[in-house]
Amino acid sequence: MGQNGTVVGIGTNNVLWSKPSLDANWSQTASPSEYVKAVAIAPDGSIFVVGYNNEIWKKNSYLNLTS
């Protein structure tokens, strides 16, 4: 969960999903061709994912997952 309450998770289709709060609806935030095994949000708001072939990827913020 991000600092502003955004929840980020991995769907059964192995792509990232997010929702702005626990009570909100999920929305797919990644391309269906992206494959994610694990996700973590760091204290500074950056996000790390483990992808196909166990590669680790980083984005500077969980707030821009679609870009």
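The values are calculated or read from the model by the stated rules, or taken from the named source; none is laboratory data. What you see is a predicted model; the values in this text were computed from it and never measured. We place every Cβ from the backbone using ideal geometry, glycine too, and count neighbours over all the protein chains shown. We work out accessible area using only protein heavy atoms, side chains counted, and drop any ligands, DNA or RNA first. Shrake-Rupley method; radii C 1.70, N 1.55, O 1.52, S 1.80 Å.
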Exercise. Would you tally the residues in region 53-67 being of a type in the set (S, T, Y), open to solvent by 90 Å² or more (accessible area, probe 1.4 Å) and within 15 Å of I10 (Cα to Cα)?
Key: 1
Quiz item: Within region 29-52, restricting attention to residues that are surrounded by fewer than 11 Cβ atoms within 10 Å (Cβ to Cβ) and polar (S, T, N, Q), which residue is farthest from N64 (Cα to Cα)?
Solution: S33
Quiz prompt | Members of region 1-14 found to be open to solvent by less than 50 Å² (accessible area, probe 1.4 Å) and over 13 Å from E34 (Cα atoms), listed by number | solution = G2, G5, T6, V7, V8, G9
Quiz item: For region 30-57, how many residues are in contact (Cβ under 8 Å) with a residue 12 or more places away in the chain and within 15 Å of G2 (Cα to Cα)?
Solution: 6
Quiz item: Among the listed residues W26, W17, which satisfies the condition of being aromatic (F, W, Y), farther than 15 Å from L63 by Cβ and either open to solvent by 50 Å² or more (accessible area, probe 1.4 Å) or in contact with a strand residue (DSSP E or B) (Cβ under 7 Å, 6 or more places away or on another chain) (or both)?
Solution: W26
